[in-house]
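First up is the structure itself, then whatever we jot down about it.
The values are calculated or read from the model by the stated rules, or taken from the named source; none is laboratory data. Please read these numbers as outputs of a predicted model, since none were measured by experiment. Virtual Cβ from ideal backbone geometry, glycine too; neighbours counted across all protein chains shown. Ligands, DNA and RNA are excluded from the accessible area calculation, which covers all protein heavy atoms including side chains. Shrake-Rupley method; radii C 1.70, N 1.55, O 1.52, S 1.80 Å.
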Amino acid sequence: MFHRLLIGIGFIGGLAVMSLKAQQTPNDTVQTFRSAVDVVTIQASVRDGRGRVVSGLTSIDFEVRDNGQVRPILSLRSDRQSPLSLAILVDMSGSMRMGAKVAMARQAYDSILSQLHQGQDEVALFTFDESLHERQDFTHDLPRLKGALTDFEAFGSTSLFDATAAAARRLAARSATHKAIIVLTDGIDTSSAMTAREVSGLASSIDVPVFVVATVPSLDQRLMLEASERSTFSNAADLRDLAEWTGGQFVFASTFVETVVAASGLIDGLRQQYVLAIEAAGGREWRRLDVRVRRPSTNVKARSGYFAG
């Protein structure tokens, strides 16, 4: 099954730009990346060697390189009380009918909602099969979202990457401090026009981390990992790359307990992210970002780059 996840290669910046031009008007494209002209925001998660969140860091502790050049940090925020803005995407394609995949996705969805703050955090709910379906636009009224997946049945093919790209564009306009896409899926994309590289370029450019919870049996997990290790296509991309490049996370969930734990960990991690700002470079090009912490045994997850100009 894992070989269906591996996506064609290509230069990330050029592919993302070509795909956006094909799907948007010129005016839409300019508006989408307008925020990159002056300031680039970077959501960064920092953990120590044991996977524990590192708190209390200041701008002096961080180093941000833009195409290899060290950039001054204009500001740094870290506030657990800052609001979240989430786009939750739930896979309702035919492959989700196998086993308890849909039930676990619903369990993860309910777990996410239970950790959010009424009147402060906002959520939009989407389901996707061969296309993206808006079930609830962004709202702070969290009780309206409860039970929203009860009546939906899995059917059709999967356009996971296209759905993620569309959600990233929607989320870009939100003003919350912490923004993220959470995808609940079995990880099988069968009909997307966009590749993982193109979607990650889009999401990274507007600072939208993508978190993927893959609800698959333990056997499928092992097969997916083994297929990845055997792959000789070093430039191929899959869902784990999509999460990594955008500063998000990919986690497996094989039981209802693992699903709840995974969902809880994602929300807690989002609240503890640092938000940095640097001045954007001039010119029209993809710029690679490298965010580090000047402390030993620390692991930083952040967006991989942005579009200048």
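Which condition from (1) touching a residue at least 60 places away in the same chain (Cβ under 8 Å); (2) small (Gly, Ala, Ser); (3) crowded, with 19+ Cβ neighbours inside 10 Å; (4) in contact with a Phe, Trp or Tyr (Cβ under 7 Å, 6 or more places away or on another chain) is the one that Ser78 breaks?
(3)
Of the residues that make up segment 220-228, is at least one open to solvent by less than 50 Å² (accessible area, probe 1.4 Å), at pLDDT 70 or above and either on the phi > 0 side of the Ramachandran plot or of a type outside the set (S, T, N, Q) (or both)? Please lay out each step first, then the result.
Going residue by residue through segment 220-228, those that are open to solvent by less than 50 Å² (accessible area, probe 1.4 Å) are 220-221, 224, 227-228.
Next, from what is left, pick out any that are at pLDDT 70 or above: none.
Taking every residue of segment 220-228 in turn, none turns out to be open to solvent by less than 50 Å² (accessible area, probe 1.4 Å), at pLDDT 70 or above and either on the phi > 0 side of the Ramachandran plot or of a type outside the set (S, T, N, Q) (or both).
In segment 284-293, is there at least one residue being under 20 Å from Ala203 (Cβ atoms), basic (Lys, Arg), open to solvent by 30 Å² or more (accessible area, probe 1.4 Å) and at pLDDT 90 or above?
Scanning segment 284-293, I find at least one residue that is under 20 Å from Ala203 (Cβ atoms), basic (Lys, Arg), open to solvent by 30 Å² or more (accessible area, probe 1.4 Å) and at pLDDT 90 or above, so the answer is yes.
Polar (S, T, N, Q) and under 15 Å from the mean Cα position of the chain (by Cα), is that true of Ser192?
For Ser192, the condition - polar (S, T, N, Q) and under 15 Å from the mean Cα position of the chain (by Cα) - is not met.
Could you identify the single residue in Glu122, Glu134, Glu153 that is surrounded by 15 or more Cβ atoms within 10 Å (Cβ to Cβ) and of a type in the set (Asp, Glu)?
Of Glu122, Glu134, Glu153, the one residue that is surrounded by 15 or more Cβ atoms within 10 Å (Cβ to Cβ) and of a type in the set (Asp, Glu) is Glu122.
Listed residues Thr246, Thr255; which is among the β-branched types (Val, Ile, Thr) and either buried (at least 18 other Cβ atoms within 10 Å of the Cβ) or within 14 Å of Asp207 (Cβ to Cβ) (or both)?
None of the others qualify; the one that does is Thr246.
Collect the residues in segment 171-191 that are outside any loop (DSSP other than H, G, I, E, B) and open to solvent by 10 Å² or more (accessible area, probe 1.4 Å), keeping them in residue-number order.
Residues satisfying the conditions are Ala172, Lys179.
So which residues in segment 270-283 are in contact with a strand residue (DSSP E or B) (Cβ under 6 Å, 6 or more places away or on another chain) and open to solvent by less than 40 Å² (accessible area, probe 1.4 Å), if there are any at all?
Listed by number, the residues that qualify are Leu270, Gln273, Tyr274, Val275, Leu276, Ala277, Ile278, Ala280, Ala281.
In the set Ser95, Ser85, which member is part of a helix (DSSP H, G or I) and among the polar types (S, T, N, Q)?
Result: Ser95 is the single residue among Ser95, Ser85 that is part of a helix (DSSP H, G or I) and among the polar types (S, T, N, Q).
Out of all the residues in segment 101-112, is one or more open to solvent by 50 Å² or more (accessible area, probe 1.4 Å) and either touching a Ser or Thr at 6+ places or on another chain (Cβ under 9 Å) or under 18 Å from Ser192 (Cβ atoms) (or both)?
Yes, that holds for at least one residue.
To keep it simple, each residue is scored yes or no on (1) aliphatic (A, V, I, L, M); (2) at pLDDT 95 or above; (3) within 17 Å of Pro209 (Cα to Cα); (4) in contact with a His (Cβ under 6 Å, 6 or more places away or on another chain).
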position: Arg80; (1), (2), (3), (4): no, no, no, no
position: Ala103; (1), (2), (3), (4): yes, no, no, no
position: Ser111; (1), (2), (3), (4): no, no, no, no
position: Ser114; (1), (2), (3), (4): no, no, no, no
position: Gly119; (1), (2), (3), (4): no, no, no, yes
position: Phe155; (1), (2), (3), (4): no, no, no, no
position: His178; (1), (2), (3), (4): no, no, yes, no
